[in-house]
Amino acid sequence: MQMATTRRNLLRSLGHAGVAGVSSALFPSWMPKLVFSPRYQNNAPGQRDVLVAIFQRGGMDGLNAVIPFGEGSLYYDRRPGIAIPEPDGSEMAALDLDGYFGLHPSMKPLMDVWDAGSLAFIHGAGSPHPTRSHFDAMEYMERGTPGDRSTSAGWINRHLLSASWQNESPFRAVGIGAMVQGSLRGASNALALQSIVDFHLQGREDQISAVSSVISSLYNIDAPADMLSTQATEVFDTVNMLSQFESRDYQPANGANYPDHDFGQGLRQIAQLIKADVGLEVAAIDIGGWDTHESQGGVGGYFGYLAGNLAQGLAAFYTDMRDYMPGITVVTMSEFGRRLEENASGGTDHGHGNVMMVMGGGASSGVYGRWVGLSNDVLDEGDLAVTTDYRDVLSEILTKRLGNDSLDEIFPGYQPVMLDIFQSR
Amino acid sequence: MQKTSRRDFLKWTGMAAAATAAAGSGWISRVQAQQGVGPVDPSWHVLNRLTWGPTPADFDRIADMGIEGYIDWQLAPEFIPDPVVDEWLSKYPYLNGSAEDVYRATDRSDYVYTLVPWQRIYRAVYSERQLFERMVEFWTDHFNVPVGDLMGEKVVDDRVVIRQHALGNFRDMLLASAQSPAMLYYLNNAESVAEHPNENYAREVMELHTLGVDGGYTEDDVKAVARALTGFTVRSSADGEAFYFDISVHDQEPKEMLGHQLPGGRGIEDGLQVLDILATHPSTARFIATKLVRRFVSDNPPPSLIESAAGVFLTTSGDIRQTMRHILTSAEFMSSAYMKFRRPIDFMVAMLRALKPGLSFGDRPWLVWSLEDLGQLPWSWSPPNGYPDAAVAWMNTSGLLNRWNMALNFPYASDGWYEDIQLDLNAIVPQVRTADQLVSAAAAAVLGSPVRLTDQDRQALAAFVTDEGNPTLPLTEDIRNDKLPTLLGLLIASPQFQWT
């Protein structure tokens, strides 16, 4: 911590003095290297993946994202209005993955990643807690302690705190959006970032420097004594670092085309930060709208639109980051899956088991998990059962890809079972 | 908690200092340590919480009426004339009309989409019924319906559910909400039928509107309530949309919920009984009390106050006014100064009330978009739980930087930066002689009093005004005019302004 203060102060004084023109030798090792080094440099000498954690708010209908068409009538009879047809080679049916499961046709952009061997699905995954409440389920999932609110931080935050290394970059953990995701909250500060381009002090040009020093003084950022001052300190550190690179010029590689929605643009910013080598270890981003109680549609319609947004964003990120993928793990989760049987409104109510998705150079394509099927005797209150605790997937990522073995601190009291989705680094 | 005497108020506010330091607003402990400033001025605390930002007129009133007199006056909004808001609203009759009126207006003009969030801001700034508007905000979150494609229905819901009952009876409000087309569409009860009930509303009405998630219901109760509420739907006719009970899709089988047997063969009585059971359940009293105390007292609601407020709620059969009176006159409330972090809309409205701009609705609703950047566009939170209340959700880098930028830009409305906002800074900051005096006068305008600045704050602000010169020398008119907008912006950006 002593070291942290020193580095922060150095940065701050550099910021106030104006950093332009200072040689790179003066910068701490985690300063942005974009302007100095065009090639990727792993932010962490210990060889760790950057983690991108995606939360699908609202409860994704995993049974229509990765369709168990092999279940036949057990699936089709329960969903007369919204089922996705068995694969027939067309784009009006599921895209065959392994002869039993198929991908929603709107997610076709991800088939390249699947074919490249870097996309895994874990079906019947979720939280063991039975709640069907969005807010409880999200909170438990993001804390990493189902049924227990006494833990003081989110699971990603406990990962950062318990890691054997520390990293004083304000970009160590970034939450894309106006709020920081629950998984990132806790004693290790996380940055909330809406827009790289807009992350600077506004107001009169001729006053920026004076204004910045008055605000620093008002918030006492040299000795932040409370959470608000700590946030203020982070703002200045971040503004100073972002002023180093001209993000307007960012050109995604390999012709990647990020969709224009918030999720796509958020992934684009994460890609920029990874390439800028600013010390990013974890980014969290949300994609909402999955609470499909009504008119969710089948091949087309609302769910297909959402699934398409997700897939297009991820595919663009994969394309842009192809050279970096050996050092990136992307994981998706959602608070719960949805009811097997469709409701009166052509939608689905809150369910339980769901599908998680993992993308990255360290993963091996496949449909993982313990699939027990959809017959009534194995359903959980009418819902797909949870047969894989989502923490199993995260634990494997933490140990094999992020280099943190302190699982007893991240998921206290839980004994994970590894699914062997990943190679060790 | 019993009624509180004036002297008790003072005693309790004395406790505020210690408690506040623990709550994490470091600046107030610095101010108090340095200046020996005693208890927080209780009038200031009451105004900070009951209003959307105290103005000099509010100070005059509370000095006149006394603290309890002021609280009681604000608790009876029906007796408070509100001519400014009334006149403004009269220009937009569809805001007082039906959903169809609103949609017809949107066909004529795109401005409606920004006018609707704008009216929320406008009323918060200008209404004399300040506490009522804060209650409206509370219930808008509690019975959250995002406008999405329901703008017309939400305009009606705001009037006949939220505003009609904001200080009324909770059971009446719950019944109104359950029959509001906005809610029936948003949480899908409108399409719920006996063969395949839609559980969306049934679950949220227990989890979010009444019992709370730990209120003692089961998944079976969710299913039973969904069945009981089948048939609560909307019918469109020549007169517009209205609640309609459709017996033909109602599940008439017997049901059991929360230990109550609902006999078979009934119609709308099923749903009405369920709502009645929920409205009067002790878990509901506790849940509503907890949320009110969290909003009006502290992010860590004192258990003693939750307990006593829930008791008032129960014994008065859900009288919101009595419950609020109990909370606002409690010792716990009086000793909670500076424990609440302003949410983005609180921040923006407080800024507007401090600067008193003339606001007209032009074609550049800058303030609406700014609030969207801050993450709290009115009526636009999509999940059913409403915008978060506690500081932890809002206190982050992005939010803080956005506040600073808004604060630094907005006072330049006085230079005509925004075509629909007129601002006269000389009307709120009197002519003074020196930079030191200018800092004090500006602090009085924004923070209520210069005593809320530390010496370090004053020095930094005065150094800004004088470009590091001598703050005790006379200021020229040019320098005052050049520096005043940013000086006010810095005070609005200060940590002091973020807490109430």
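Just so you know, all these numbers are worked out from the coordinates, no wet-lab data involved. Remember, predicted model here, so these are calculated numbers, not experimental data. Here the Cβ is made from the backbone with ideal geometry for all residues, glycine too, and neighbour counts use every protein chain on show.
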Ranked B:Ser177, B:Ser98, A:Ser217, criterion: other C-beta atoms within 10 Å, fewest first
B:Ser98, A:Ser217, B:Ser177
Could you pull out every one of the aspartates and glutamates with an alpha carbon less than 14 Å from that of A:Lys400, ignoring same-chain neighbours closer than 8 positions?
A:Asp49, A:Asp392, A:Asp420
Of B:Ser177, B:Ala202, B:Leu258, which is farthest along the charge dipole of the range B:139-283 in the positive direction, counting Lys and Arg as +1 and Asp and Glu as -1 at C-beta?
B:Ser177
Relative contact order (percent) for the range A:302-368, with alpha-carbon contacts under 8 angstrom and 6 or more residues of separation?
32 percent
For chain A, the Rg and Dmax computed from alpha carbons only, in angstrom:
22.3, 72
What fraction of the DSSP beta bridges in the protein assembly as shown is antiparallel, stated in percent and rounded to the nearest 5?
55 percent
Can you check what the net charge comes to around A:Ala53, using other residues whose Cβ is under 15 Å from the Cβ of A:Ala53 (Lys, Arg +1; Asp, Glu -1)?
+2
The farthest towards the positive end of the charge dipole of chain B, of the residues B:Tyr412, B:Ser440, B:Phe333, given +1 on Cβ of Lys and Arg and -1 on Cβ of Asp and Glu, is B:Ser440
Considering all alpha-carbon pairs of the range B:359-477, what whole percent are spaced by more than 25 angstrom?
42 percent
On a 0 to 90° scale, report how tilted helix B:282-296 is relative to the longest principal axis of chain B, with both axes built from alpha carbons and the result rounded to the nearest 10.
20 degrees
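Per residue of A:223-231, how many C-beta atoms from partner chains lie within 10 Å of its own C-beta, taken as a mean?
Across the residues of A:223-231, the mean count of other-chain Cβ atoms within 10 Å is 6.
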Only Cα pairs under 8 Å and at least 6 apart count here; give the relative contact order of chain B as a rounded whole percent.
18 percent
By the Cα gyration tensor axes a ≥ b ≥ c (a/c under 1.5 gives rounded; else a/b larger than b/c gives prolate, otherwise oblate), the shape of the range A:281-412 is oblate
Order of A:Ser152, A:Ser118 - criterion: other Cβ atoms within 10 Å of each residue's Cβ, fewest first:
A:Ser152, A:Ser118
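Starting from the range A:139-203, pick out the trypsin sites (Lys or Arg not before Pro) whose DSSP state is loop and whose Cβ has at most 15 other Cβ atoms within 10 Å.
Of the trypsin sites (Lys or Arg not before Pro), the ones in loops of the range A:139-203 whose Cβ has at most 15 other Cβ atoms within 10 Å are A:Arg149.
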Comparing A:Gly361, A:Gly289, A:Gly154, which has the greatest mean-square fluctuation in the GNM of chain A with Cα pairs linked when under 10 Å apart?
A:Gly289
Hey, what angle do you get for helix B:219-228 against the long axis of chain B, alpha-carbon based, 0 to 90 degrees rounded to 10?
70 degrees
What percent does the relative contact order of the range B:315-459 come to when contacts are Cα pairs within less than 8 Å and at least six residues apart?
25 percent
Quick calc, the protein assembly as shown, dipole around Cα centre from Cβ unit charges on Lys, Arg (+) and Asp, Glu (-), nearest 20 debye, gives 2740 debye
Tilt, helix A:227-242 to longest principal axis of chain A (alpha-carbon atoms), in degrees rounded to tens, equals 80 degrees
Net charge contributed by nearby residues that have their C-beta within less than 12 Å of B:Asn200 (K/R +1, D/E -1):
-3
Histogram of C-alpha separations across the protein assembly as shown, 20 Å bin width, %:
13, 44, 36, 7, 0
Summarise the long-distance tail of P(r) for the range B:33-163 by giving the % of C-alpha pairs beyond 21 Å.
49 percent
Ranking B:Glu219, B:Glu87, A:Glu71 by Cβ neighbours within 10 Å, fewest first, what do you get?
B:Glu87, B:Glu219, A:Glu71
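Find the Rg to Rh ratio for the range A:337-378, where Rh is the Kirkwood radius over alpha-carbon pairs and Rg uses the same atoms.
Radius of gyration over Kirkwood radius for the range A:337-378 works out to 1.10.
So if I average 1/r over every pair of distinct C-alpha atoms in the range B:282-334 and take the inverse, what Kirkwood radius in Å does that give?
This gives a value of 10.3 Å.
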Mind checking the log10 I(q)/I(0) for chain B at q = 0.12 Å⁻¹? Debye, one equal scatterer per Cα, no solvent, two decimals.
-1.12
Too-long pairs where the Cα-Cα distance tops 29 Å, listed order kept, from A:Lys108/A:Lys275; B:Lys223/B:Lys340; A:Lys108/B:Lys223; B:Lys91/B:Lys356; A:Lys108/B:Lys154
B:Lys223/B:Lys340; A:Lys108/B:Lys223; A:Lys108/B:Lys154
